[in-house]
Amino acid sequence: MINFIKNIIENLNGFGFPFLVFFIGVLEFSFGLYKGKWPKNERFVDIACFTLPRLIIRPVVAYYGLKFLPFVLPGLKNTFEWVPFFWGCIIIAIADDLTQYWYHRLHHEIPWLWRFHRTHHSASYMGMAMASRQNAIYTLFFSQTYLTTALVYLGLGIPAIVVRGIKGTITTLAHSSIPWDKPFYKYKILHPLAWVLERTISTPATHHAHHAATTDDGVGYYKGNFGNMFFLWDIIFGTALITRKYPKAYGISHYEGDQWYAQLLWPIFKSKVAGSELAKDGPVVRIDEPIPVIPAQKINADTSEEEEFYYQPSPTLAKN
């Protein structure tokens, strides 16, 4: 029975998640949700960040799991094999996601780390491709990857596969330009479920706020909402902002299209954009530029109607 369940899970992990990603991608393009904001340079960045790290980083992680761990922990393989499946999933989920929360948060709060994470925030759009848009060195040192691999070595392999599939689905949907959470805010009967949902996992509204170009509209919050699978960490550690609204401007206000190779492999390759944080003599953190006054929409959770408001971003906010 265990082998039967294992085969089902492995097949779902192997084919189910890639199919979901493909399906979401088709929907995003079919409905024009990128709205012409995917120029050639940004396509190169997204594609390079999606493909090249997998060719470089996966072999590193495989070596760590298959060679390094057996060498340093020779007598501990499958030590946790006795742990029940449910509790194994809980252990993996907490260890993996809590580690990533702090890894992510520190790259926003420590200035010299910001440039390794900057690529993830540079795009002026949200979409499925954003989930893997990362500097390769930032991805290489993902602390949760090595912790989870160690737990797999210790015997939590099947729970790790399940959690990986669930987490991948949640993070992809949170980055997607499809606002699947809006019905939860619009219909009053769904408000109690919305209250629980938005405090438990990352949703488009809470995670899009993290990718906003400004915080002056009361919606954007790139200095918080760090959660990946669980938004619960932001609630616990006081970094949460829940507005049930979507920002109208995404990305970095001073972004001028750094070359894909600089965004993928800074500091090995530098940007040719003068004044960029990724340029040879660029600042560690560049001050945000003012964004023109623009209209934005919010969903009124009580009346299910849209209300219009305006904001004028401040020119003095630093991105990290």
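Taking θ = phi - 60°, what integer Hz values does the Karplus form 6.51 cos²θ - 1.76 cosθ + 1.60 yield along segment 201-213, in sequence order, with x for Gly and Pro?
Karplus-based 3J(HN,Hα) across segment 201-213 equals 10, 6, 10, x, 4, 6, 7, 4, 4, 5, 9, 5, 7 Hz.
Step through the table entries LYS188/LYS245; LYS40/LYS272; LYS223/LYS272; LYS40/LYS167, compare each Cα-Cα distance with 22 Å, and write down the pairs that go over it.
Beyond 22 Å between Cα atoms: LYS223/LYS272; LYS40/LYS167.
So if each residue of separation counts as 0.36 nm, and I subtract the Cα-Cα distance between PHE50 and PHE141, what length gain in nm does that give? It would help to have the intermediate numbers written out before the result.
On the way: separation 91, 0.36 × 91 = 32.76 nm, distance 1.61 nm.
Between PHE50 and PHE141, full extension yields 31.1 nm more.
Just add up the charged neighbours of LEU232: K/R +1, D/E -1, any other residue whose Cβ is under 12 Å from the Cβ of LEU232.
It works out to a net charge of -2.
Net charge within 13 Å of ARG105 by Cβ-Cβ distance, Lys/Arg positive one each and Asp/Glu negative one each, not counting ARG105 itself?
-2
Rounded to a whole number, what is D in µm²/s for segment 41-265 from Stokes-Einstein with the Kirkwood radius over alpha-carbon pairs (10 °C, 1.306 mPa s)?
The diffusion coefficient I find is 86 µm²/s.
Please work out the Kirkwood hydrodynamic radius for segment 90-212, using every pair of different C-alpha atoms, and report it in angstroms with one decimal place.
15.8
Give me the accessible area per residue for segment 41-265, probe 1.4 Å, as a whole number in Å².
42
Label-point separation (nm) for HIS191 and LYS280, each offset 7 Å from Cα along Cα-to-Cβ?
5.9
Viscosity 0.692 mPa s, temperature 37 °C: what is the translational diffusion coefficient of segment 149-296 from Stokes-Einstein with a Kirkwood Rh over Cα pairs, rounded to a whole number of µm²/s?
So the translational diffusion coefficient is about 186 µm²/s.
The values are calculated or read from the model by the stated rules, or taken from the named source; none is laboratory data. As the structure is a prediction and not an experimental result, all values here were calculated from the model. Ideal geometry is used to build each Cβ from the backbone, glycine not excepted, and the neighbour counts take in all protein chains shown. The protein model used for the area step is the full one, side chains on, heavy atoms only, and it has no ligands, DNA or RNA in it. Shrake-Rupley method; radii C 1.70, N 1.55, O 1.52, S 1.80 Å.
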